[in-house]
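Following: one structure in structure tokens, then a few remarks.
The values are calculated or read from the model by the stated rules, or taken from the named source; none is laboratory data. No experiment lies behind these values; they were computed from the predicted model shown. Cβ placement follows ideal geometry from the backbone for every residue including glycine, while neighbour counts extend to all protein chains displayed.
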Amino acid sequence: MDAKSEEERYQVIVVGAGVSGLAAARHLLKSGVNSVLILEATSKPGGRISTLKFGKESQGHHGGEAGLIELGAQWIHGERNEFCQLLKASNHRHSKTSWEGKGDFLCPNGMKVGNEIVDEVLGWLEEAIEKVEATFSIETLQKEKNGEADSNGNLSMGLYLQERFLAYMTEQYPDLTEGSYYYDLRMALFQWGMSFQRIDNSCSKMNDVSLYRWSEFEVNPGEHYNNFRRGAQSFVDEVLVGDILQSYIMYNCPVQNIQWNDSGVTITTKNGSSFCAQTTLVTCSIGVLKSNLESLFTPSLPKKQTEAIRSTGYGPVTKIFLEWAKPWWSPDFKGVQLVWPNEYIDCCNGKTNKMDSSLETCWPKTITGFDPVLENPNVLLAWLGGQEAVHAETIPKDIIIDKCVEVLGNFMGSKDIPRPISAKVSTWNTNEYFQGAYSFRSTDGDAISGDICSALSDPITIENVHGTSKPVIVLAGEALSKTHYSTLHGAYESGIAQSSKLVQYFHSLNSFIKSPKTLAKFNATEPRQDSSIQICSANGDMNSKFLVPVAKNIRVPS
């Protein structure tokens, strides 16, 4: 990379136009950092948000509007966060809230599990998780390592809960043994709870989840299942992108390599283009970072960041949406949850119980249940976790539909369940630009000294010609949120927090002029009419110029 003057390069290139990247870019521009480019690998903004027309009147029946489904993030968890406040202010918050995991708990052949047993087992699990939150922390782990407290044997969340539940069963039901009906039923309900948690934590198995870092996550106050009024994608398009950001985004531009040194960064895309900047803010998923660590950065990231990325959990979740010509369930249907005595998947260790099943045959047993979808009365939603979720993404839709009808008929005790007219399956796990759903705190991180979130959040710096520290690479995304990882508001807040570090740096240099128009009318910034931009050639030569129409959604650097 040639050490050209800083005016010849972008100040910041944001990698990824997901919620975190968009929040970062908005904050940069609002703060006066006007030379910004966003490189997005896919053809749309929003990252792991994807709203589709599907369901109610989706075939154009009776002239009605299509229903909407969220293949990706669909809820805002809590109300006391900046993301939800923006949702309210822009009138994109739905007046109705949702739920999951409700309704009757059924066994094969249509037998309903008594509410007393359901409440007993799931109530025990809720109390056990609350005890974990009150008892274990990273400080507890450190004391155990230092010999200042009794060791818990490096327990995972899954192993801890499973051992405690087995002890509970022995204490409360000494006469019940494995193989007896009520013993197996309670174990199956416990595993339903573990399956729910496995999806909630986006892990392959609960034994991967850190016991000691569980309490780091904080539930945001307020309603837990807030919906988007017209779909999450409309909020992204109209509010996060809007008129201002659209001209800064370059779509279908997956990044192949980020070369960094004391001059800044040269970013090469898979289509052969190269772009230069003083610094870059990288917001791709932690799954993409984990699988591309060796090739994405040249030179490699420092050991601290590399270890933190590798030690951050990230796993699969899959959604299956099924549409019927008309609902066969009652209007007050809350859902149906599936309990598998003798045949459940052990979601703590990821193995089947009493069966040696392949993914091909056992994947339906990871479906926790079928839930209704808000304002989509002909559609039900099934959730899957673990490696079975990854496998389900590769199965032809006809087989998905057949298996789901078979399972529903078996558990509802009916041979008259009609066949759905359509199905839609999410593919986040097999998509190379996401490679999973969201992050969790892994047991791998327990071996790392210090705070993983801080290691991920620390800018990667070099010493500039003035002898001061210059941020060259800054990471952002939901995985960097210490207390709200895996959430939309965590991603949004991370984008703002991490971009603020770059704003502070550029302010310290006084290297840009704040535009009164940009600051006063942030939602109405107009693109420059210049019809070309400077793009580095593959070797970083800033003398190479290419004509690029503004209509191609590329913002001309200031």
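What to note about this one:
- Residue that is farthest from Gly335 (Cα to Cα), among those in region 358-399 that are of a type in the set (S, T, N, Q) and free of Cβ contacts under 8 Å to residues at least 12 places away in the same chain: Ser358
- The residues of region 396-449 that are at pLDDT below 95 and of a type in the set (Lys, Arg) amount to a single one, Lys415.
- Unique match (being out of contact with any Asp or Glu (no Cβ under 9 Å at 6 or more places or on another chain) and touching a residue at least 60 places away in the same chain (Cβ under 8 Å)) among Ser273, Ser247: Ser273
- Meets criteria (farther than 19 Å from Ala24 by Cα, part of a strand (DSSP E or B), in contact (Cβ under 8 Å) with a residue 12 or more places away in the chain and touching a Ser or Thr at 6+ places or on another chain (Cβ under 6 Å)) for Asn257: yes
- Residue among Glu375, Glu360 that alone is acidic (Asp, Glu), at pLDDT below 95, over 21 Å from the mean Cα position of the chain (by Cα) and within 25 Å of Ser98 (Cα to Cα): Glu375
- Gly409 being without any contact (Cβ under 8 Å) to a residue 60 or more places away in the chain and outside any loop (DSSP other than H, G, I, E, B): yes
- Scanning region 450-505 for residues that are out of contact with any strand residue (DSSP E or B) (no Cβ under 7 Å at 6 or more places or on another chain), surrounded by fewer than 17 Cβ atoms within 10 Å (Cβ to Cβ), at pLDDT below 95 and not small (Gly, Ala, Ser) yields a total of 4.
- The residues of region 300-345 that are surrounded by 19 or more Cβ atoms within 10 Å (Cβ to Cβ) and among the acidic types (Asp, Glu), listed by number, are Glu307, Glu323.
- Whichever residue in region 265-287 is closer than 10 Å to Gly477 by Cβ and among the β-branched types (Val, Ile, Thr) and, among such residues, is farthest from the chain's Cα centre (by Cα): Val282
- Within region 413-449, if we keep just the residues that are of a type in the set (D, E, K, R) and crowded, with 16+ Cβ neighbours inside 10 Å, the residue that is nearest to the chain's Cα centre (by Cα) turns out to be Arg441.
- Looking across region 49-86 at every residue that is modelled with pLDDT under 95 and in contact with a Lys or Arg (Cβ under 6 Å, 6 or more places away or on another chain), the one that is farthest from Ser202 (Cα to Cα) is identified as Ala66.
- Test: residue in region 245-255 that is over 25 Å from the mean Cα position of the chain (by Cα) and either outside the structural domain of Asp200 (by TED's automatic domain parsing) or modelled with pLDDT of 95 or more (or both): yes
- Residue ID - farthest from Cys203 (Cα to Cα), chosen from residues in region 412-452 that are hydroxyl-bearing (Ser, Thr, Tyr) and outside any loop (DSSP other than H, G, I, E, B): Ser422
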